[in-house]
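Worksheet for the structure shown next.
Computed from the coordinates by the stated procedures, all read-outs in this text should not be read as laboratory data. Note that this is a predicted model, so its numbers are computed, not measured. Positions of Cβ are backbone-derived with ideal geometry, glycine not excepted, and every protein chain shown enters the neighbour counts.
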Ligand code: NAP
């Protein structure tokens with residue numbers, strides 16, 4: 001039986017096993033998907049162990065999406081440009097790193113019918129997800145993309161970086177993306193912005209999916225913005241990972257079958 005899993009630090013509430021188990025049933029595969037929580041200093045040993053035991057593939061999450069890169073034999077060029085890996089395939093002992101968050105982000109925007117061509121965008125955060133979102137928006141025709149950071153981001157980025165104070169002077173902007181963890185379970189009362197900082201934005205996208213309606217999305221909805229959460233992105237990046245692992249195309253319509261199952265789990 002093939003085995004797969006998620007490599008990260010604190011994985012207690014992950015929805016990934018439920019998503020991949022659904023996909024295995026759909027693809028008629030006998031396979032398992034487990035959570036592998038490891039400490040930073042054990043990451044290299046964990047990769048050796050997965051190789052030795054014959055893993056089919058693993059996803060990688062916070063905080064190892066960058067740290068994993070030097071441990072891989074090969075890097076897909078798209079993942080190299082983003083500087084972050086969330087999916088690893090094992091090909092006869094060789095490890096190759098990919099980034100399917102990029103695909104997932106695009107599918108989330110497509111499903112929510114958010115157009116980006118000639119739009120302006122502000123992305124909160126400067127970590128892996130913020131940089132991925134900035135690249136996707138710029139690659140797909142956004143005319144201006146800025147990152148918002150509490151300090152000067154490391155490593156440097158090609159996108160303009162502003163601080164939170166600069167948001168108050170911002171002219172009307174089409175899209176806001178929250179790519180910080182602020183507002184994520186269990187700190188569901190927190191928001192990266194207050195109500196009057198949200199005024200410039202027509203559409204507010206929060207990459208967080210637990211809770212489904214973050215404090216930020218509540219504030220944005222109340223002021224009449226279109227709001228989108230990160231649940232379809234989570235499912236879409238998993239479908240894209242399975243496409244790599246199984247080397248076959250999967251109809252992305254399956255996302256809309258999986259989401260209701262996840263909502264049951266999230267609302268428990
Ligand atoms: P990360 O690499 O740790 O980056 C998070 C960034 O957020 C940091 O670089 C930091 O930027 C900012 N930040 C952290 N704590 C903050 C705080 N207390 N206040 C304000 N800003 C803070 O994490 P990531 O991998 O980019 O993930 C970011 C978020 O996206 C997480 O919530 C994650 O769950 C979500 N995500 C969702 C999906 C999905 O499928 N839906 C996929 C990937 C990520 P500065 O230091 O520059 O301010």
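In table form, for the structure just shown:
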{"read-out": "Ascending count of other beta-carbon atoms within 10 Å, so fewest first, for 264, 204", "value": "264, 204"}
{"read-out": "Rg over Rh [alpha-carbon atoms, Kirkwood Rh] for segment 1-121", "value": "1.00"}
{"read-out": "Rounded to 5, percent antiparallel among DSSP beta bridges of the chain", "value": "20 percent"}
{"read-out": "Percentage relative contact order, segment 1-86, counting C-alpha pairs under 8 Å, at least six apart", "value": "38 percent"}
{"read-out": "For segment 74-225, alpha-carbon Rg relative to the globular expectation (2.2 N^0.38 Å, N residues)", "value": "1.07"}
{"read-out": "Ellipticity estimate at 222 nm from DSSP helix runs (n ≥ 4, -39,500 (n - 2.57)) divided over the chain, nearest 500", "value": "-10000 deg cm²/dmol"}
{"read-out": "Residue exposure sequence - 258, 19, 69 - by fewest surrounding Cβ within 10 Å", "value": "69, 258, 19"}
{"read-out": "Expected-Rg normalisation [2.2 N^0.38 Å, Cα atoms] applied to segment 101-189", "value": "1.07"}
{"read-out": "Calculated P(r) of segment 136-268 - Cα pairs past 27 Å, %", "value": "29 percent"}
{"read-out": "Exposure proxy order (Cβ contacts within 10 Å, fewest to most) of 254, 194, 188", "value": "194, 188, 254"}
{"read-out": "Over segment 64-116: Kirkwood hydrodynamic radius from C-alpha pairwise inverse distances, Å", "value": "11.9 Å"}
{"read-out": "Hydrodynamic radius of the chain per Kirkwood, over alpha carbon pairs, in Å", "value": "19.1 Å"}
{"read-out": "The chain - percent relative contact order, Cα under 8 Å, separation 6 or more", "value": "15 percent"}
{"read-out": "GNM result for the chain, Cα springs below 10 Å: residue of 126, 32, 225 fluctuating most strongly", "value": "32"}
{"read-out": "Mean-position separation - Cα centroids, segment 219-244 and segment 26-101, in angstrom", "value": "23 Å"}
{"read-out": "Percentage of interatomic Cα-Cα distances in segment 1-64 larger than 18 Å", "value": "35 percent"}
{"read-out": "Relative contact order [Cα under 8 Å, 6+ residues apart], segment 124-268, whole percent", "value": "16 percent"}
{"read-out": "Using alpha-carbon coordinates, inclination of helix 16-27 to the longest axis of the chain, degrees", "value": "60 degrees"}
{"read-out": "Solution diffusion estimate, µm²/s, Stokes-Einstein, segment 30-71, Kirkwood Rh from C-alpha pairs, 10 °C, viscosity 1.306 mPa s", "value": "143 µm²/s"}
